[in-house]
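Written out below as structure tokens is the structure these notes cover.
The values are calculated or read from the model by the stated rules, or taken from the named source; none is laboratory data. This is a predicted model, so every value here is computed, not measured. Glycine gets a Cβ as well: all are built from the backbone with ideal geometry, and neighbour counts include every protein chain shown. Side chains are part of the model used for accessible areas, which takes the heavy atoms of the whole protein and leaves out ligands, DNA and RNA. Shrake-Rupley method; radii C 1.70, N 1.55, O 1.52, S 1.80 Å.
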Amino acid sequence: FFWWLMLSALQAEGPIAVKFAQWASTRPDLLPRSVCDHFATLQAGVLTHSWADTRRILTEAFGPGWEAALELDPSPVGSGCMAQVYHGWLRGPLAPPLQANSGVTLEVAELPREVAVKVRHPGAQAQVDLDLEVMRTLASTLEAIWPSARYLAMSEAICHFESFVRPQADLRIEARNLDSFHRNFPYKRSSAALRLAESSASSKGALLELREQVGKLCMDAFLKMLFVDNFIHGDLHPGNIHFRGGNISSTGAVLGSSSGKPLELVLLDAGLAVQLSSQDRQNFLEVFHALAVNNGLEAGRLMVERSPGDARLVRDREGFVAAVGELCSNFWGLGLALGKVGMGDIFGRMMSLACDHRVKLETSFVTVATSIIVLEGVGRQLNPIVDLAGAARPLLAEAVARSIWQT
């Protein structure tokens with residue numbers, strides 16, 4: 001009963017609370033497994049809105065004749081915190097009425113075409129506005145009561161969080177993000193799915209090996225987003241990561257070795273995407289490079305020098321640099337690998353040290369570091385033995401070289 005009440009309260013509170021629970025479900029290193037398992041139900045099991053609401057929303061967007069061009073199954077195949085998805089067939093051009101503000105006409109060369117249609121939940125935008133206002137009020141109150149909290153840059157973080165959470169309520173932005181990911185990860189088929197990478201399935205069809213392959217594909221895709229494209233999927237919880245092909249069904253059951261299909265990684269829900277500014281990207285690359293070559297002292301020095309806060313307010317600068325150096329050395333001694341010790345663990349500890357020493361961090365730095373932490377949580381669930389720092393080095397070296405050349 002407790003967990004039913006807790007999950008119901010999170011869904012009733014709004015999209016941002018659900019987002020937090022989805023992130024928490026990927027951190028079995030921080031929370032008990034039972035808590036993660038309960039929160040994980042929100043990755044694909046958020047409450048749906050009615051078919052009547054969907055018909056009304058589509059009529060408002062495309063006019064009363066939309067059903068002649070678009071055939072939908074009334075039962076949604078999935079529901080997230082912002083919207084739910086239907087399976088359907090596009091049988092003709094679908095255009096919004098002239099008075100609509102979307103300015104989008106959906107036309108395809110081949111009809112009929114199987115499609116996935118995402119429909120925003122009624123009132124989602126208003127709920128996001130309310131949630132963000134509550135967060136701003138809480139941050140301001142905490143900073144007023146506890147001045148040291150200002151070094152967490154919570155108000156700035158909320159503003160940055162707002163800049164990439166709010167677009168989720170506008171599905172046109174997600175469509176543009178999908179176009180960008182499609183250009184960055186070309187796929188020969190024109191479909192709603194995004195094939196990021198592939199790998200031949202083991203002839204033995206071992207479930208463990210396939211899970212490790214999925215984890216590696218996920219990591220490789222993220223590293224490309226981070227170091228090559230500078231366009232990062234910001235919501236990589238397990239509910240948005242799917243795979244197909246190989247010897248595994250969509251439910252994870254082993255099918256045997258007869259399929260002979262390559263393993264494909266499919267990422268969903270591209271409403272959250274992060275793109276760093278030139279300066280923020282350079283700062284992050286230099287810190288990551290220092291960590292990847294086991295030079296924690298340099299990483300700590302860079303964090304202090306590039307801090308957007310007042311350097312005079314930093315508490316024990318030399319102590320902070322030394323602590324980051326010791327932290328990096330200790331983690332390297334344990335082995336940097338997804339499922340054991342990872343870069344996300346280092347970034348998490350470094351942010352705690354920054355708080356203790358009053359070293360203010362760029363919000364974008366914290367955002368990307370959090371993305372790494374979430375990805376690492378997914379990797380731990382898949383249990384791959386992959387050296388994240390080692391895998392990142394070639395792409396990191398190229399990114400650093402390009403950054404130096406451009407400056």
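Could you tell me which residue of segment 170-205 is modelled with the lowest pLDDT, considering only residues that are out of contact with any Asp or Glu (no Cβ under 9 Å at 6 or more places or on another chain) and of a type in the set (A, V, I, L, M)? The extreme case among them is 194.
The set of residues from segment 261-280 being among the aliphatic types (A, V, I, L, M) and part of a strand (DSSP E or B) comprises 263, 265, 266, 267, 273, 274. Among residues that are at pLDDT below 80, assigned by the TED database to the domain that holds residue 229 and not in a strand (DSSP E or B), residue 394 is included. Scanning segment 33-92 for residues that are at pLDDT 90 or above, β-branched (Val, Ile, Thr) and out of contact with any Ser or Thr (no Cβ under 8 Å at 6 or more places or on another chain) yields 54, 57, 59. Restricting the first member to segment 173-185 and to residues that are closer than 15 Å to residue 228 by Cβ, and the second to residues that are modelled with pLDDT of 85 or more and in a helix (DSSP H, G or I), the beta-carbon pairs closer than 7 Å and six or more apart or on different chains are 184/229. Scan segment 12-21 residue by residue and report those that are under 16 Å from residue 37 (Cα atoms) and open to solvent by 40 Å² or more (accessible area, probe 1.4 Å). Within segment 12-21, just 20 meets the criteria.
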